[in-house]
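Chemist: Please see the structure below; I have some questions.
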Amino acid sequence: MEKTPRMTETRPERIILLDVVRGAAVLGILLMNIRLFSEPAAAYFNPMVYGDHTGVNKLWWYFQFIFADQKFMAIFSMLFGASTAIICDGLTRRGEAVLAVYSKRILGLLIIGLIHAYLFWSGDILVSYALASFVPFLFRNIRWQVTAMAGLALLAFGTLSSIAAYHSISDLPLAVQATIAEQYWHPEQSALAAEVAAYQSTWLEHFTLRAHHAWEFQTDVFVSWGFWRVGGLMLLGLALYRQGFIAGRLTAKTYGILTIIFLPLGFWLVVTGLTANADANWQFPFSFFMANTWNYWGSLLVALGYISFFAWLLKATQVRFGFSSLANIGRAALSNYLFQTLACITIFYGFGGGLFGKLERSETAFVVVAVWAAQLALSAIWFRHYTKGPVESVWHRFTYSAWFGKR
């Protein structure tokens, strides 16, 4: 069993918590992204639209939804807000131009995200992070209580937007509702077959479809949902870092109590929404806009519970098995996130294994475990020789390079 010192309030130990949580989030987010890698996009939200939803396939889908859906994305978003504070504080201490350097960092992230989205995988989240990054930057020096309230306000606006959309669509004629459902929730079988055929073909042949999905996610979805969700979570992460929660400055007892509070309450909200969807037989627009609001908020509480649990383990116990491996993943979170894409599109797209739309849902669990194993092994090997992940190193050089003379 690996042994490391218990966490104190020193800066290095706080970084251990951040790296471990970030590493767990990178691995965990593949539990959900595997759906977009392996089957039509509509099936990500609506399990009835494609494939088998009975037996072990149904259990696997429920497991993904309850324990992963939006939970790890929430952790990533909150950690982005926390990292904004860490980076800007460091620039200020060194007397560097905060706005200029931070802008270069975000520009680099945007470039990486655009390449990722349009050349490899349309489910990219990096572009959304880059577009929303000004939110935590503007609040970096604001009192954490005000920042937290602003974050909750953005999240609440996202909920109100979903509720308003539900009532607006529900008032439309049934024929119009059916047309909207075909686009977002329940495409016709011909459209699903065309999507499967596209991703089973060559890279160039499915470029148009991938570009369409990427553009839609970065525009319509970002404006109606992504900005409020991502921006709100970033502000909460920034506030919780300033307050000490994400920085690991609370007591072990406090983290234990928060774990006991956040996880049961969060899972109860998530399961309530899942039950509502199942009872409604995944009908549009109720399931898409209303029932999913339970997971919208439940996932936040579960994410906070996950962070609390890791912090409690670090502070109150000697359990360290696998923590160094998770920290390695977290130190190269961006590289590992992109590695998941390269591995999965090679397995599922036509220029590789061509398994898109062919595997049973439960069979994708073996792909997840295999990719995890590869990431854990490669990250361990990499950090025996280097101090930064490969993509992180390039991003760092881009951010801190001197464009106009010496810095």
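The values are calculated or read from the model by the stated rules, or taken from the named source; none is laboratory data. Given the structure is predicted, the values throughout are model-derived calculations rather than measurements. Every residue, glycine as well, gets a Cβ built from its backbone with ideal geometry; the counts of neighbours run over all protein chains shown.
Chemist: Among the residues of segment 15-68, write down those that are of a type in the set (A, V, I, L, M) and assigned to a loop (DSSP other than H, G, I, E, B).
Modeler: Matches in segment 15-68: 48, 49, 68.
Okay, residues lined up against (1) more than 24 Å from residue 297 (Cα to Cα); (2) surrounded by fewer than 21 Cβ atoms within 10 Å (Cβ to Cβ); (3) of a type outside the set (Phe, Trp, Tyr):
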site	(1), (2), (3)
67	no, yes, no
83	no, yes, yes
91	yes, yes, yes
117	yes, no, yes
120	yes, yes, no
123	no, yes, yes
127	no, no, yes
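Chemist: Another one. Quickly run through segment 106-115 and pick out the residues that are of a type in the set (Val, Ile, Thr) and surrounded by fewer than 17 Cβ atoms within 10 Å (Cβ to Cβ).
Modeler: Matches in segment 106-115: 111, 115.
Chemist: Regarding residue 104, is this residue touching a residue at least 40 places away in the same chain (Cβ under 8 Å), charged (D, E, K, R) and closer than 23 Å to residue 340 by Cα?
Modeler: No, not satisfied.
Chemist: Test of understanding: among 169, 142, 125, 180, which residue is touching a Leu at 6+ places or on another chain (Cβ under 9 Å) and in contact (Cβ under 8 Å) with a residue 12 or more places away in the chain?
Modeler: 180
Chemist: Report, by residue number, each residue of segment 279-310 that is among the small types (Gly, Ala, Ser), buried (at least 20 other Cβ atoms within 10 Å of the Cβ) and free of Cβ contacts under 8 Å to residues at least 40 places away in the same chain.
Modeler: 291, 298
Chemist: Do we have any residue at all in segment 247-259 that's modelled with pLDDT under 95, under 21 Å from the mean Cα position of the chain (by Cα) and crowded, with 18+ Cβ neighbours inside 10 Å?
Modeler: Looking through segment 247-259, at least one residue is modelled with pLDDT under 95, under 21 Å from the mean Cα position of the chain (by Cα) and crowded, with 18+ Cβ neighbours inside 10 Å.
Chemist: Moving on to the next point. Among the residues of segment 211-262, count how many are not in a helix (DSSP H, G or I) and not hydroxyl-bearing (Ser, Thr, Tyr).
Modeler: Matching residues across segment 211-262 total 7.
Chemist: Can you work out which of the residues in segment 120-151 that are of a type in the set (Ser, Thr, Tyr) and outside any loop (DSSP other than H, G, I, E, B) is nearest to residue 244 (Cα to Cα)?
Modeler: The extreme case among them is 147.
Chemist: Then there's this: If you go through segment 94-108 one residue at a time, do you hit one that is modelled with pLDDT of 95 or more and under 18 Å from the mean Cα position of the chain (by Cα)?
Modeler: Within segment 94-108, one or more residues are modelled with pLDDT of 95 or more and under 18 Å from the mean Cα position of the chain (by Cα).
Chemist: Next up: Return the residues of segment 238-265 that are within 20 Å of residue 22 (Cα to Cα) and among the charged types (D, E, K, R); say none if nothing qualifies.
Modeler: 242, 249
Chemist: Right, next: Would you tally the residues in segment 303-322 being modelled with pLDDT of 90 or more and farther than 17 Å from residue 78 by Cβ?
Modeler: Total meeting the criteria: 5.
Chemist: If I ask for residues that are of a type in the set (S, T, N, Q) and without any contact (Cβ under 8 Å) to a residue 12 or more places away in the chain, which ones from segment 84-101 would you list?
Modeler: 92
Chemist: Might you let me know whether segment 374-385 holds any residue that is free of Cβ contacts under 8 Å to residues at least 60 places away in the same chain and closer than 18 Å to residue 348 by Cα?
Modeler: yes
Chemist: State all residues of segment 44-59 that are over 30 Å from residue 237 (Cα atoms), crowded, with 17+ Cβ neighbours inside 10 Å and either touching a strand residue (DSSP E or B) at 6+ places or on another chain (Cβ under 7 Å) or hydrophobic (A, V, I, L, M, F, W, C) (or both); if no residue qualifies, say none.
Modeler: Matches in segment 44-59: 49 only.
Chemist: Residues that are over 30 Å from residue 42 (Cα atoms), at least 2 per element: which helices (runs of 4 or more DSSP H) completely within segment 297-400 meet that?
Modeler: 323-331, 364-382, 390-400
Chemist: Would you mind finding the one in 103, 77 that is closer than 30 Å to residue 284 by Cβ and either surrounded by fewer than 20 Cβ atoms within 10 Å (Cβ to Cβ) or not hydrophobic (A, V, I, L, M, F, W, C) (or both)?
Modeler: The match here is 77.
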